[in-house]
Amino acid sequence: MAGWWKRHPYYLWYMLREASCVFITAYALILLWGLRRLAQGEGPFEDWLESLGTPGSLAFHALALPVVLYHAWTWFKVMPKTLPDTRLPAAAIVAGGVAASAACSAALLVAVWWFGLWSVP
Amino acid sequence: MKRSNKPIFWALFGAGGMLSALVGPMLIFITGLAVPLGWLDRETMRYERVLAFAQSGAGKLAIVAVISLFLFHGCHRMYHCLHDFGIHVGRGLKAAFHGFAAAGTVAAIVLVLAV
Amino acid sequence: MTRTIRIECLRYHPETDAEPRLQAYEVPFTDDMSVLQGLQYIKDHLDGSLTFRWSCRMAICGSCGQMVNGVPRLGCETFLREFWPGTVRVEPLEHFPIVRDLAIDQSDFLAKLESVKPYLVQKAPPAGENTNLQAPEEMQAYYRYSKCINYLLCYAACPQYGLNPAFTGPAALTLLHRYNADSRDAGRAQRMPVVNQEDGVWGCTLVGYCSEVCPKDVDPARAVNQNKVNSTLDYFKHFLFPRAKEKS
């Protein structure tokens, strides 16, 4: 079975999907580290914010974004198989998932944006 | 036939997978790219503002949910990945992956309660 | 119009050969000839020792599943014209021991199939009737899964079965679900232990290729993954009410 994922492109896409876990785990650890810096006070937190702007961090996030997007797409694509039997057509379930994700993302961006523009410290 | 204890970890994996599919890309975009690069106002993630968020009940819940569920999702998939690469994952290593996610969860809870 | 195509067959005689080898044949074919007919031509005209299984030659018997250029397919509904002027490589289904040449040993699958009780565990018909009636929507709950006829293409497509042969696998779990989902059946409690074990549904990582290669559109990945939900509910029910009797 060595190298089985090279036998068919289908398996390669599967492996990419599975590899997204590395980025999701690393991202959670970055946030956890930021939370620790936040608890330590303003100076340490500003240092953490500063570190997010380093080339290494930017490169990581630039790579993580498409991979996690791919994870999201595959997550909704298999939803017709993972949800209990419904009468809904598969395409409707996938479209519903994608729409929910788009709505959550838009809401998040608007909240942060709005928060960023008008909130008074 | 021995009953597997996977349901617990699969439920956490599923919850993390769903959450990361819904908000993961946008979170990565905001905190990892848009704010550091100045596409979004740097003020968005200023100390006082993030602190205020982390001090609110909903903020604490959101922070713990994202960190904990992302970790459980990622760690569960990671040991499956090892198996896919033909590396035999024994009980010990499996426990280590889930233990790591659990430890991260505890750390996140302790920290949100501390801020 | 008759053209000629090169068919490479895996040859292996476990009792005498040290290892499998590929043997090539030049086969004349017409547009309407399947890979199975190509193999039959070889056996009739070129090499009578080539061994392969077949029966119905119309995609209902489940005998002629093979790896065709690395993809699990039915020899009878795969046409040679698709590959010309290239070569067709025919090998036995992945992950199974070879009996001879293209014929695989299905014993492992048959034992698993038996373990899921793939038949109606009958409950007594309602009083005064001697049959269990079923509404069309009750039939819809399992009909799709009942179309599985054990081609085993899904097993050849499943890397998890290849990595861990103890995994119950797509078709057996699908047929398990087919009977659990049947309103006339009372065997659920007997089948859940197979679902719940580590090598039951939990051996699956939803690669999903099984559903891609299934020639009957059974969607085994769906049947297996729905049972992850069922197994999880069963687990927490068992955890919360350890003494509750399993409902059928």
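What number, rounded to the nearest 500 deg cm²/dmol, is the helix-based mean residue ellipticity at 222 nm of chain B, given -39500 (n - 2.57) per DSSP H run of at least four residues and division by all its residues? Could you put the intermediate results ahead of the total?
Numbers: 4 runs with 83 residues, N = 115.
When only DSSP H runs of four or more count, the value is -25000 deg cm²/dmol.
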Subject >> Computed label-point distance, nm, for sites residue B:65 and residue A:103 using a 7 Å Cα→Cβ extension >> reply: 1.5
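Roughly how crowded by other chains is peptide B:71-79, in terms of the mean Cβ count from those chains within 10 Å of each of its Cβ atoms?
Values: counts 7, 2, 6, 10, 4, 2, 10, 6, 1.
Whole-number average of other-chain Cβ neighbours for B:71-79 is 5.
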Original post:
Using the Cα gyration tensor of the stretch A:43-121, with a ≥ b ≥ c the square roots of its eigenvalues, what is the shape: rounded (a/c below 1.5), prolate (a/b larger than b/c) or oblate (neither)?
Top reply: oblate
**OP:** Tell me, for chain C, which Cys residues have no other cysteine's C-beta sitting closer than 4.7 Å.
**Re:** C:9, C:64, C:76, C:148, C:158, C:204, C:214
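For the stretch C:3-104, what relative contact order do you get, as a whole percent, if you take Cα pairs closer than 8 Å and at least 6 residues apart? Walk me through the numbers on the way to the answer.
Details: 200 pairs, mean separation 35.3, N = 102.
The value is 35 percent.
Summing Lys, Arg as +1 and Asp, Glu as -1, what charge do residues with Cβ under 10 Å from the Cβ of residue A:85 carry, residue A:85 excluded? Numbers along the way, then the final one.
Numbers: positive: A:87, C:144, C:222; negative: none.
That sum, taken over residues with Cβ under 10 Å, equals +3.
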Subject >> GluC sites (Glu not before Pro) lying in DSSP loop within the stretch C:112-161, provided at most 12 other Cβ fall within 10 Å >> reply: C:129
Original post:
What shape does the protein assembly as shown have by the C-alpha gyration tensor, where a ≥ b ≥ c are the square roots of the eigenvalues, rounded means a/c under 1.5, and otherwise prolate means a/b greater than b/c and oblate the rest?
Top reply: prolate
**OP:** Could you work out how far apart the two model spin labels at residue C:237 and residue A:63 are, taking each label as a point 7 Å from the Cα in the direction of the beta carbon, and quote it in nm?
**Re:** 4.6
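Residue by residue through C:28-39, how many Cβ atoms from other chains fall within 10 Å of the Cβ on average?
Numbers: counts 0, 0, 0, 0, 0, 0, 0, 0, 0, 0, 0, 0.
The mean count of partner-chain Cβ atoms within 10 Å per residue comes to 0.
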Original post:
What is the spin-label model distance, in nm, from residue A:40 to residue A:114 if the labels are put 7 Å beyond Cα along the C-beta direction?
Top reply: 3.4
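Take every Cα pair under 8 Å in the stretch B:62-115 that's 6+ residues apart, average their separations, divide by the length, and report that relative contact order as a whole percent.
54
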**OP:** With r as the distance between the Cβ atoms of residue C:79 and residue C:13 and R0 = 22 Å, compute the FRET efficiency 1/(1 + (r/R0)^6) and round to 0.05.
**Re:** 0.15
Original post:
For chain C, what's the relative contact order in percent, using C-alpha pairs closer than 8 Å and at least 6 residues apart?
Top reply: 17
**OP:** In whole Hz, with x marking every Gly and Pro, tabulate ³J(HN,Hα) for the stretch A:32-39 from phi via Karplus 6.51 cos²θ - 1.76 cosθ + 1.60, θ = phi - 60°.
**Re:** 4, 4, x, 5, 5, 5, 4, 5
**OP:** Rank these by accessible area, largest first, 1.4 Å probe: C:199, C:101.
**Re:** C:199, C:101
**OP:** Excluding residues on the same chain fewer than 8 positions from residue A:6, give the lysines whose Cα lies under 27 Å from its Cα.
**Re:** A:77, A:81, B:94, C:216
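The values are calculated or read from the model by the stated rules, or taken from the named source; none is laboratory data. Since the model is a prediction, treat every value here as computed from it, not as a measurement. All Cβ positions, even for glycine, are placed from backbone atoms using ideal geometry, and neighbour counts span all protein chains on display. In case anyone asks, the SASA skips ligands and DNA or RNA and just uses the protein heavy atoms, side chains included. Shrake-Rupley method; radii C 1.70, N 1.55, O 1.52, S 1.80 Å.
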